[in-house]
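Written below as structure tokens is the structure these notes are about.
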Amino acid sequence: MRYRSVLPLLAALLLWGPNATAQPAERSSPLSVNQIMQEPEEWVGDWPENLRWHENGQTLYFDWNPKGQFQSDSLYKVPRGGGEPTKVAPDERRSSPPVFDGWHHGEQVYTDDDRRTVYAEDGDLYLYNRQTDTQTRLTDTRAEESSPRFGPNDETVIFQRDNNLFALDLSSGLVRQRTDLRSGTEPKEPELTPREKFLKEQQTELFRTLREQKAEQDMEEEAQKRDRQADDPPPTFYTEDHEIDQLRLDPSGRFASFTLQSEPDAAAPTQVIDYVTLDGHAEVLDARPKVGIPPEGFSLHLQDLERDTTYDVNLHQLPGAYEIPEYRREKGVELDSSESKRSLYSYGPFWSPDGDHAVLVVRSDNNKDRWIARLDPATGDLTVLDRQHDDAWIGGPGISAYGGPGTVGWIPETDKFYFQSEATGWSHLYTVNVETGETQQLTSGEFEIYEPRLSKDASTWIFASSAHSPYERHVYSMPVEGGEKTRLTTQTGTHHAAVSPDGERLGVLYATTNRPPEVYLKDTSPDASLSNATSSPTDEWTQYDWRDPEITRFEASDGVEVPLQIFRPENPNGAAVLFVHGAGYLQNVVKDWTHYFHEYMFHNLLTDLGYTVINVDYRGSAGYGRDWRTAVYRHMGGRDLQDYVDASEWLTETEDIPPERQFIYGGSYGGFMTLMALFNAPDHFGGGAALRSVTDWAHYNDVYTSNILNNPQTDSVAYARSSPIYHAEGLEDPLLMPHGLVDTNVQPQDIFRLTQRLIELGKEDWELALYPVEGHGFEEPSSWSDEYRRILELIQESVGPDRPSSPDSEKENR
């Protein structure tokens, strides 16, 4: 085959009009690439997002731009009982209506009687009275106040300002500083040289006046010190050049805590160049470092304000803090204690509402351990309540693979702390008694739990789950002690719910595969029906009969049943397109309107043209438990790619589509998978398009890559077998590589290095398409259209009815 230059392709694309196709008439489509890639609000219709209740529970808010009539989304509301949505007037919007964000038990954002709540908006503090539906502005300053909560007896509001904690007395308005954290180092008197010391002593010996002045000065300083102590000031602590985070004060007001963090010296940023700018000059953009950077400095500090002391909490007292990872032990690596000491990061402390207990969540820098530990604030001692270890990496719903505490909190009026864990292989909800250490599993089964929240009276859990089907999300309720779950939503599809403050109403965003989300309301009783509040799609968009593709499973080569979504054409043309979702850990075989809506519509167009289209939730995808999630550990492009090879064979066996007539494509991780497929399994595919693809994992970011492949300096084998650039000699089929030039995530350098590798290998049938104004996620419709016209053209030429008649012979001739 030939090297594909850009100009002939552009000329061919000009023939692709809005309603014309290059297929025979019996395989035409009313859809066009230009139409599909418009701004969503111009053709599909903008759908609502971001449901939240007013604190009084009488109004449900959401962001919406119906019929694309505004420049951007506007704030809309609908009454609790349902009815027509109305746009929130500017005056009402500017008044910052307080939004209910769940009953955060243990965080003191509500008074004990639940009548008042405190919140921050635009850098100032507000008090909202839920009983009288009135709000009071507490601050109006140029400084930014944040993270407010009530102090003891609900008489004060504790908040952050300028990296310190303050207490605002609600009756007097007096603001008192509770911490005194200062940047830099503590100032010290300059040390005198022997000569200077002699002269100073000589002066006071010789001159009475100087002696009297010195005595008077000492007395004044001592008096000022006594006055400061009488005011009970907080202890002063100098943070040097470290960044302050997680400032907290315990409910009693005795213990303050904070963390100090610092960037490692070797964390040099990468750079991306933006060539198309307003002023006509290229702009250099700093971006994230590459994988393998040293861990950042971290320390947790506690201040006992009664004893006027500050001390570090030694996180390395936790068992397992010095463990050598399994992959290094397999290599026979032996490290002394200083080398095996891992960096640890803590989150919290999370104080019980009564202030009697404090809990820390601690993560290791290599993300192979998470500890939940009870903290004794008076001594800094830690007692392990739960330890989750994974030789691969910690992750899963409510746990996070990228640090943070995950889903944690207190069961009010108990000694129980709740959290999520993959201990059984699926992310479930647990509690641990911080006094006894007894752990209780509240949910169980081969499904996942998402976003659990407690009701106002803490008697009931409400959460989303895949318990009914791995391809759907439903809302459930469950007693606080666990037990039988009650499904509150029944329609086939995906439900994202916002619970009203009283727990009796749900605002629901409900979507299906072929219908964008709409706002619904319902009671929390399981038998209550959904009441629709919005209708977003345009009349033009709904005229097309959008497909609801079948979801099935196929048996992979290791005997595992792998989920697959398939678009079957009424008039097959004998070819198939295999789409690969991005992110790796993401679920796309779902009954939901996903963020791949452009691709979904493109797949309908392809199906009209006779192509069978599939997408697979390959190993590494979300939604199927721990073993599925970690199956790519130390080898991306291994088991996940094999699932697509097995899917290709399934298409041959069940749909009678030969491998040379199968086209594979995807973006980001999907682009990486496309490259690995064409480089390492060319006999199973006839062409591909790798969009914004990772070509060398040693050049990607640290937080994502080091979880899966460890670090390149300690696990170079994992990087070599997982990076397409090492396998480029296997390219045999046509390849398109679109990439945004201002992509600060998967950066242009990545694709440029692979391009040079293909040139040096003498590969011919590939094309690089650059988009000067696009980042990782394309935004301009013109860029989307150009990219997908190229993809469609390559599909037609490489595997479609218009492909060369003997593709196998052409491979042999190359």
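The HN-Hα couplings worked out from phi for segment 285-299 by the Karplus form 6.51 cos²θ - 1.76 cosθ + 1.60 (θ = phi - 60°) are 9, 6, 9, 5, x, 8, 4, x, 6, x, x, 6, x, 8, 8 Hz, whole numbers, x standing for Gly and Pro. Placing R0 at 51 angstrom, the Cβ-Cβ distance between E283 and H316 gives a FRET efficiency of 0.70 after rounding to 0.05. If only the Cβ of Lys and Arg carry +1 and only the Cβ of Asp and Glu carry -1, the dipole of segment 617-765 around its Cα centre is close to 660 debye. Among R115, R370, R721, the order of accessible area from largest down is R115, R721, R370, computed with a 1.4 Å probe on protein heavy atoms. Across segment 424-516, Cα pairs under 8 Å and at least six residues apart give a relative contact order of 17 percent. Model label points for R307 and E205, set 7 angstrom from Cα along the Cα-to-Cβ axis, are 4.5 nm apart. Computing FRET efficiency as 1/(1 + (r/R0)^6) for D354 and A89, where r is the C-beta to C-beta distance and R0 is 60 Å, gives about 0.90.
Quick one: grab the alpha carbon gyration tensor of segment 589-666, order the square roots of its eigenvalues as a ≥ b ≥ c, and give me rounded if a/c is under 1.5, else prolate or oblate depending on whether a/b is larger than b/c. It is oblate, given that a/c is not under 1.5 and a/b is not larger than b/c. About the centre of its Cα atoms, the chain shows a dipole size close to 240 debye [charges on the beta carbon of Lys, Arg (+1) and Asp, Glu (-1) only; nearest 20 debye]. Per-residue ellipticity at 222 nm from helix content only, as computed over the chain with -39500 (n - 2.57) for each DSSP H run of at least four residues, stands at -6000 deg cm²/dmol. In a fully extended conformation the segment linking A143 and D391 would gain 84.7 nm over its present Cα-Cα distance, using 0.36 nm per residue. Rounded, prolate or oblate: which fits segment 540-659, taking a ≥ b ≥ c as square roots of the Cα gyration tensor eigenvalues, rounded meaning a/c under 1.5, else prolate when a/b beats b/c? Oblate shape, in that a/c is at least 1.5 and b/c is the bigger or equal ratio. Couplings 3J(HN,Hα) for segment 266-271, derived from phi with the Karplus relation 6.51 cos²θ - 1.76 cosθ + 1.60 (θ = phi - 60°), are 8, 7, 6, x, 8, 9 Hz, where x marks Gly and Pro.
DSSP beta bridges fully contained in the chain are about 85 percent antiparallel.
Once you have a ≥ b ≥ c as the square roots of the Cα gyration tensor eigenvalues for segment 679-812, tell me rounded if a/c is under 1.5, and otherwise prolate or oblate according to whether a/b is larger than b/c. It comes out oblate by the Cα gyration axes. Residue ranking by accessible heavy-atom surface, 1.4 Å probe, largest first, among D743, D241, D376 comes out as D241, D376, D743. Along the axis of the charge dipole computed for segment 43-93 (Cβ charges of +1 for Lys and Arg, -1 for Asp and Glu, origin at the Cα centre), the listed residues Y61, P79, P48 are led at the positive end by P79. Here the 3J(HN,Hα) profile of segment 545-555, calculated from phi with Karplus coefficients 6.51, -1.76 and 1.60 at θ = phi - 60°, is 8, 5, 6, 10, x, 6, 10, 9, 9, 10, 7 Hz, Gly and Pro shown as x. Taking a quarter of the surface of the Cα convex hull of segment 62-157 gives a mean projected area of 8.1 nm². Using +1 at the Cβ of each Lys and Arg and -1 at the Cβ of each Asp and Glu in segment 688-814, identify which of L768, S782, L794 lies farthest towards the dipole's positive end. Result: L768, furthest along the dipole toward the positive end. Of the options G395, L344, A373, report the single residue whose Cα projects farthest towards the positive end of the charge dipole of segment 328-436 (beta-carbon charges: Lys, Arg +1; Asp, Glu -1). It is G395. Counting only residues at least eight positions apart within a chain, or on another chain, the lysines with an alpha carbon under 23 Å from that of K485 are K416, K456, K522, K591.
Dipole magnitude for segment 431-579: computed about the Cα centre from +1 point charges on Lys and Arg Cβ and -1 point charges on Asp and Glu Cβ, it is near 240 debye.
The values are calculated or read from the model by the stated rules, or taken from the named source; none is laboratory data. What you are looking at is a predicted structure, and each value in this text was computed from that prediction instead of being measured. All Cβ positions, even for glycine, are placed from backbone atoms using ideal geometry, and neighbour counts span all protein chains on display. The area values use the complete protein model at the heavy-atom level, side chains included, leaving out ligands, DNA and RNA. Shrake-Rupley method; radii C 1.70, N 1.55, O 1.52, S 1.80 Å.
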